[in-house]
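> Take this structure, written in structure tokens, and hold onto it; I'll ask about it next.
The values are calculated or read from the model by the stated rules, or taken from the named source; none is laboratory data. Just so we're clear, the structure is a prediction, and the values are computed from it rather than from any experiment. Only protein heavy atoms, including side chains, enter the accessible area calculation; ligands, DNA and RNA are left aside. Shrake-Rupley method; radii C 1.70, N 1.55, O 1.52, S 1.80 Å.
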Amino acid sequence: MQKKIVAEGKLISFDVYGEGKPVVLLHGFAEDRRIWQNQINLLADKYHLIVPDLPGSGLSAVSADMSMEGLADTIQKIL
């Protein structure tokens, strides 16, 4: 299920799948959440997956703070 939040005035998009212990799947530079599609199919039966498009990727807007700390703050807001 696709969800969205507003963090620092910017739209952040993420998907959630399954139930169980939460697992956050983070993509790398120049990728988006689609990189995890094969793993989602295998893990969603056992885990509650949270799969964001990090700021500036996929359907998420670029945030003012693209530092590692800024990205971590965005993930914390999703959680």
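> Report ³J(HN,Hα) in whole Hz for each residue of segment 46-53, in order, from the Karplus equation J = 6.51 cos²θ - 1.76 cosθ + 1.60 where θ = phi - 60°; Gly and Pro get x.
10, 9, 8, 8, 10, 10, x, 8
> State, as an integer percentage, the relative contact order of the chain based on alpha-carbon contacts under 8 Å between residues 6 or more apart.
On the way: 134 pairs, mean separation 26.0, N = 79.
Relative contact order of the chain: 33 percent.
> What is the percent carbon and sulfur in the accessible area of segment 1-58, measuring with a 1.4 Å probe over the protein chains and ignoring ligands?
Numbers: 1990 of 3730 Å².
Carbon-and-sulfur percentage of accessible area, whole number: 53.
> With both partners inside the chain, how many of the DSSP beta bridges are antiparallel, as a percent to the nearest 5? Mind showing how you got there, number by number?
Details: 10 of 14 bridges.
The antiparallel proportion sits near 70 percent.
> Further question on the same structure: Give me the 1.4 Å probe accessible area per residue for the chain, excluding ligands and nucleic acids, in Å². List each step's numbers first, then the result.
Values: 5160 Å² over 79 residues.
Dividing the accessible area of the chain by its residue count gives 65 Å².
> Read phi for every residue in segment 23-39 and hand back ³J(HN,Hα) as whole Hz from Karplus 6.51 cos²θ - 1.76 cosθ + 1.60, θ = phi - 60°, with x for Gly and Pro.
Once rounded to whole Hz, the list reads 9, 9, 9, 10, 8, x, 4, 6, 10, 9, 4, 4, 4, 8, 3, 5, 5.
> Please give the direction-averaged projected area of the C-alpha convex hull for the chain, in square nanometres with one decimal. Spell out each step's value before the answer.
Details: hull surface 18.8 nm².
Result: 4.7 nm².
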